[in-house]
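Data first, discussion second: the structure below is written as structure tokens.
The values are calculated or read from the model by the stated rules, or taken from the named source; none is laboratory data. Only a predicted model underlies this, so the values are computations on that prediction, with no experimental measurement involved. Heads up, the Cβs are rebuilt from the backbone with ideal geometry, glycines too, and the neighbour counts pull from every protein chain shown.
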């Protein structure tokens with residue numbers, strides 16, 4: 001029996017927008033501007049703006065995919081249709097692990113701020129949670145699961161309220177710092193880009209910027225539970241990302257202006273805070289704001305974690321449908337209309353991030369580096385769907401420009417990130433490919449399941465070569481900006497090859513008519 005019949009279609013534009021903003025405005029507003037400023041100085045403003053452009057292009061791609069075939073767990077399902085099991089397996093597992101890490105990220109952020117009230121939860125010397133702090137984070141993660149257990153309607157209503165509340169505090173923080181304790185000289189005293197433009201580009205993936213914006217993916221994860229998805233999905237995605245981009249750029253500006261000039265003696269990399277905005281509020285004699293920010297530090301990460309807990313459970317549901325996980329996890333609780341077994345599984349996977357890494361910054365560094373790969377595949381899928389005739393009148397204007405631009409941008413983001421951060425993500429992808437190949441031969445899948453996603457293997461090799469030749473942790477054989485130009489050109493050429501690879505797969509697989517029928521049956 002099709003388990004999707006038990007999902008409740010109760011999410012409209014406002015709840016979807018709140019869902020997206022709820023994932024975007026979490027612990028990143030509390031820590032991201034500080035982490036980005038340490039890496040790039042005032043150039044971090046540019047990092048947030050570029051990150052917003054890149055993620056908006058990607059979101060528009062998912063908006064079209066959601067219009068064409070709204071499906072719960074869609075982030076992992078779409079590559080299966082366009083390029084087969086190998087690509088879908090690797091993409092699905094990278095999405096899953098990245099999303100499972102979010103609940104421990106947010107719970108760690110809550111507990112770190114709570115250390116101000118209950119000392120002993122966080123060790124400032126090691127910058128890690130203590131044993132007591134880890135246990136407290138675990139309890140908080142249990143709450144995320146239990147809350148989502150009781151269904152999408154309760155989740156949608158409550159998340160809208162939480163998002164509204166936690167949106168007010170960053171806005172209040174921006175206004176307060178602009179009016180009090182703003183040091184304009186900070187933007188030039190060390191230079192706008194004290195560590196070079198390259199540091200600002202690298203910060204997009206490694207300081208929590210890209211991690212912050214990817215909260216929009218929860219909308220795609222829950223697209224099977226949306227009323228009028230062809231209208232509400234793209235509208236909610238665009239609205240939430242525009243609002244979030246403006247908010248984060250302004251937060252970065254006020255953070256840079258709020259740092260006391262005397263703290264910059266050792267440069268931006270020398271600034272040290274445990275609760276960045278709350279600490280700055282105290283330094284500016286705004287005790288009232290410090291208390292409000294600290295209180296919001298309990299609400300914002302919690303609201304974000306609730307959205308990710310919901311979205312990740314839908315991704316596991318999609319993986320089970322695709323055969324990447326046992327069918328046991330693809331069951332919907334008939335009473336509450338949620339995949340409760342998936343919720344439980346994700347909780348235990350999240351603990352595997354929390355227990356060894358023990359801090360917000362350590363987990364975010366891993367998540368940011370692997371996150372970009374999962375979105376590159378969607379750039380290919382959206383155009384494959386168009387070329388085989390699935391999109392018809394459901395497409396968005398300009399997608400023939402948006403999709404390749406997003407793929408090129410994603411390729412550049414990977415290249416711009418220091419190789420020391422990227423190589424772990426690429427190693428993980430290679431392990432995923434090897435794991436799939438083992439399964440492939442055990443289950444005796446058709447060879448087209450490998451050939452359909454062969455572009456991923458070539459893409460990884462291309463990225464390794466570009467990183468080796470470039471200045472971002474490589475040997476600098478080809479200097480900047482020439483290597484970035486070469487990377488962009490190669491990314492565009494490779495994008496067209498990847499689309500061709502997908503079109504070939506779908507025609508060879510013969511799944512186009514089946515998809516057309518399922519799309520035509522959508523209400």
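Please give the helices (runs of 4 or more DSSP H) falling wholly within segment 445-523 in which 2 or more residues are within 25 Å of the chain's Cα centre (by Cα), touching a residue at least 12 places away in the same chain (Cβ under 8 Å) and surrounded by fewer than 18 Cβ atoms within 10 Å (Cβ to Cβ). Ranges flagged: 454-469, 482-509. Scanning segment 387-434 for residues that are more than 27 Å from residue 50 (Cβ to Cβ), more than 22 Å from the chain's Cα centre (by Cα) and at pLDDT 80 or above yields 387, 388, 389, 390, 391, 392, 434.
Residues are listed down the side, and each one gets a yes or a no for (1) modelled with pLDDT of 75 or more; (2) over 20 Å from residue 472 (Cβ atoms):
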residue: 187; (1), (2): yes, yes
residue: 193; (1), (2): yes, no
residue: 211; (1), (2): yes, no
residue: 220; (1), (2): no, yes
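Only a single item in (1) surrounded by fewer than 15 Cβ atoms within 10 Å (Cβ to Cβ); (2) part of a helix (DSSP H, G or I) is not met by residue 191, and it is number (2).
What's the total number of residues in segment 252-270 that are surrounded by fewer than 18 Cβ atoms within 10 Å (Cβ to Cβ), in a loop (DSSP other than H, G, I, E, B) and either within 28 Å of the chain's Cα centre (by Cα) or touching a residue at least 24 places away in the same chain (Cβ under 8 Å) (or both)?
Here is the first cut: in segment 252-270, the residues surrounded by fewer than 18 Cβ atoms within 10 Å (Cβ to Cβ) are 260-263, 265-267, 269-270.
Filter once more, so that each one left must be in a loop (DSSP other than H, G, I, E, B): 260, 265-267.
Next, only the ones that are either within 28 Å of the chain's Cα centre (by Cα) or touching a residue at least 24 places away in the same chain (Cβ under 8 Å) (or both) stay: 260, 267.
Residues meeting the conditions: 2.
Residues that are farther than 12 Å from residue 305 by Cβ, in a helix (DSSP H, G or I) and at pLDDT 90 or above within segment 100-143 comprise 131, 132, 133, 134, 135, 136, 138, 139, listed in sequence order.
Within segment 271-291, restricting attention to residues that are part of a helix (DSSP H, G or I) and free of Cβ contacts under 8 Å to residues at least 24 places away in the same chain, which residue is surrounded by the most Cβ atoms within 10 Å (Cβ to Cβ)?
So in segment 271-291, the residues part of a helix (DSSP H, G or I) come out as 276-283, 287-291.
With the extra rule that they be free of Cβ contacts under 8 Å to residues at least 24 places away in the same chain, the set shrinks to 279, 282, 287-288, 290-291.
Working: 279: 18, 282: 15, 287: 10, 288: 10, 290: 20, 291: 14.
Here the residue is 290.
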